[in-house]
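A quick write-up on the structure given underneath.
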Amino acid sequence: MRILHTENSQGWGGQEIRILTEAAGMIKRGHEVQLIAPREARIFDEAPKHGVPVTALPIAKKRLPGLFALRRWLKANPVDVINTHSSTDSWLVALACASLGKAPPIVRTRHVSAPVSTNAATRWLYASAASAIVTTGEALKQQLVRDNGFPAARIVSIPTGIDLTRYAPPANTKAQMATRARLRLPQDKRIVGIVATLRSWKGHRILVEAFAALKRADTHLLIVGDGPQREALEQLVAQLNLKGQVTLAGNQADVVPWLQSMDVFALPSYANEGVPQAILQAFACGLPVVTTEAGAIPEVARDGETGLIVKMQDAPALAAGIGRLLDDAALRTRLGANALAQAQARHGIDAMLDQMEAVFHRAAGKLN
């Protein structure tokens with residue numbers, strides 16, 4: 001198939017990583033895949049690193065130049081299906097296709113759990129302009145059905161798949177310590193970590209406050225990622241006298257060794273989540289996880305089975321959950337093993353690609 005992805009976001013996080021991972025996977029399966037993004041977007045620079053052809057068009061905002069540019073591109077480059085990902089590119093693609101005599105079908109992927117407007121224009125975008133809607137979690141699908149009245153039959157939940165050839169537990173304790181040494185992380189402490197863009201709703205502030213409340217000299221906090229909250233977090237670390245006990249590692253091209261260095265993974269999100277890739281990556285690395293019920297997280301992290309669920313925006317509750325794992329080696333081992341088994345059985349990249357391939361084929365009329 002000839003598949004086009006569009007993304008107007010200039011940020012960098014799970015959504016953008018999923019687009020490129022999925023696109024690269026489809027290319028390996030023999031499909032022709034292209035991406036359209038603004039030149040200033042981070043995903044434009046990252047696409048070639050994933051082997052994904054990318055074209056720069058002015059689609060960062062809902063403006064006529066972007067609409068006309070998309071229309072011209074589509075007329076000159078026929079595709080079988082378009083997969084849109086954010087609000088602005090979805091609107092521009094929908095309007096461009098509506099103005100063409102013969103336009104490809106649109107699949108709208110919804111990555112976050114933020115409310116969708118109930119106005120008539122938005123209903124047209126989702127219920128008429130798009131041939132199908134994909135969500136990254138069942139909770140997001142039910143939200144669209146319940147709050148917006150969109151037909152359930154036109155929506156499918158497809159969580160992000162993880163490359164299980166890359167994400168795996170460390171071979172043994174010696175290998176974990178060697179990785180820590182290479183990353184200049186403490187070898188004599190237990191490490192509680194998070195991998196996530198530094199956005200407010202990911203709950204980094206709550207995690208730092210919870211870590212401070214633990215008051216454990218034998219524990220280190222590792223924060224992998226960057227974003228708009230970095231300066232505020234640095235100030236909070238200083239304010240709570242945690243310097244030397246917290247590592248802010250910034251963005252990392254390969255997060256696998258950082259995950260393999262951890263003993264406990266925490267993601268205290270409180271909004272805007274589907275099924276976070278970071279949790280599935282942590283599962284695939286055999287990590288016990290402490291998290292919340294934000295978005296579609298409970299679909300994969302089941303309290304007491306594959307993780308611990310704590311109250312959102314509650315630092316004492318998060319501290320208690322982390323402390324429970326640190327104090328109970330058997331619980332850490334059991335939750336980590338269950339999480340790993342689930343990741344291997346249900347969350348591999350091939351499962352995601354199979355389902356997305358079926359959606360694209362149906363949208364293009366190649367399957368019944």
ask   = Looking only at residues in segment 112-152 that are out of contact with any strand residue (DSSP E or B) (no Cβ under 7 Å at 6 or more places or on another chain) and of a type in the set (Lys, Arg), which one is farthest from ILE19 (Cα to Cα)?
value = ARG146
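So which of ALA282, ALA296, ALA278, ALA253 ends up being closer than 20 Å to HIS111 by Cα, out of contact with any Gly (no Cβ under 8 Å at 6 or more places or on another chain) and of a type in the set (A, V, I, L, M)? So that I can check it myself, show each step before the final result.
Numbers: ALA296 fails: out of contact with any Gly (no Cβ under 8 Å at 6 or more places or on another chain); ALA278 fails: out of contact with any Gly (no Cβ under 8 Å at 6 or more places or on another chain); ALA253 fails: closer than 20 Å to HIS111 by Cα.
After ruling out the rest, the residue left standing is ALA282.
A quick yes/no check of all residues on (1) among the aliphatic types (A, V, I, L, M); (2) surrounded by fewer than 21 Cβ atoms within 10 Å (Cβ to Cβ); (3) at negative phi:
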| site | (1), (2), (3) |
| --- | --- |
| ILE191 | yes, yes, yes |
| ILE194 | yes, no, yes |
| ILE206 | yes, no, yes |
| ALA213 | yes, yes, yes |
| LEU221 | yes, no, yes |
| ASN241 | no, yes, no |
query = Would you call GLN245 within 17 Å of LEU287 (Cβ to Cβ) and surrounded by fewer than 21 Cβ atoms within 10 Å (Cβ to Cβ)?
reply = no
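Do we find that PHE265 is part of a strand (DSSP E or B), touching a helix residue (DSSP H, G or I) at 6+ places or on another chain (Cβ under 9 Å), crowded, with 24+ Cβ neighbours inside 10 Å and of a type in the set (Phe, Trp, Tyr) in this structure? So that I can check it myself, show each step before the final result.
Details: part of a strand (DSSP E or B): yes; touching a helix residue (DSSP H, G or I) at 6+ places or on another chain (Cβ under 9 Å): yes; crowded, with 24+ Cβ neighbours inside 10 Å: yes; of a type in the set (Phe, Trp, Tyr): yes.
Considered against the rule, which asks whether it is part of a strand (DSSP E or B), touching a helix residue (DSSP H, G or I) at 6+ places or on another chain (Cβ under 9 Å), crowded, with 24+ Cβ neighbours inside 10 Å and of a type in the set (Phe, Trp, Tyr), PHE265 comes out as yes.
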task = Inspect all residues belonging to segment 300-310 and state whether any of them is among the charged types (D, E, K, R), in contact with a helix residue (DSSP H, G or I) (Cβ under 7 Å, 6 or more places away or on another chain) and part of a loop (DSSP other than H, G, I, E, B).
result = yes
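Would you check if there is a residue in segment 74-84 being crowded, with 17+ Cβ neighbours inside 10 Å, part of a helix (DSSP H, G or I) and of a type outside the set (Val, Ile, Thr)? Outline the logic, then answer.
Initially, segment 74-84 is screened for residues crowded, with 17+ Cβ neighbours inside 10 Å, giving 74, 79-84.
From what's left, part of a helix (DSSP H, G or I): 74.
Next, from what is left, pick out any that are of a type outside the set (Val, Ile, Thr): 74.
Yes: segment 74-84 contains one or more residues that are crowded, with 17+ Cβ neighbours inside 10 Å, part of a helix (DSSP H, G or I) and of a type outside the set (Val, Ile, Thr).
Go over the candidates ALA120, ALA56, ALA127 one by one and state the one that is in contact (Cβ under 8 Å) with a residue 24 or more places away in the chain and small (Gly, Ala, Ser). Reasoning before the result, please.
Details: ALA120 fails: in contact (Cβ under 8 Å) with a residue 24 or more places away in the chain; ALA56 fails: in contact (Cβ under 8 Å) with a residue 24 or more places away in the chain.
Being in contact (Cβ under 8 Å) with a residue 24 or more places away in the chain and small (Gly, Ala, Ser) holds for just one of ALA120, ALA56, ALA127, which is ALA127.
A short reminder: the numbers here are calculations on the coordinates, not readings from a lab. Since the structure is predicted, the reported quantities are computational estimates derived from the model, not experimental observations. Note: ideal-geometry Cβ built from the backbone for every residue, glycine included; neighbour counts use all protein chains shown.
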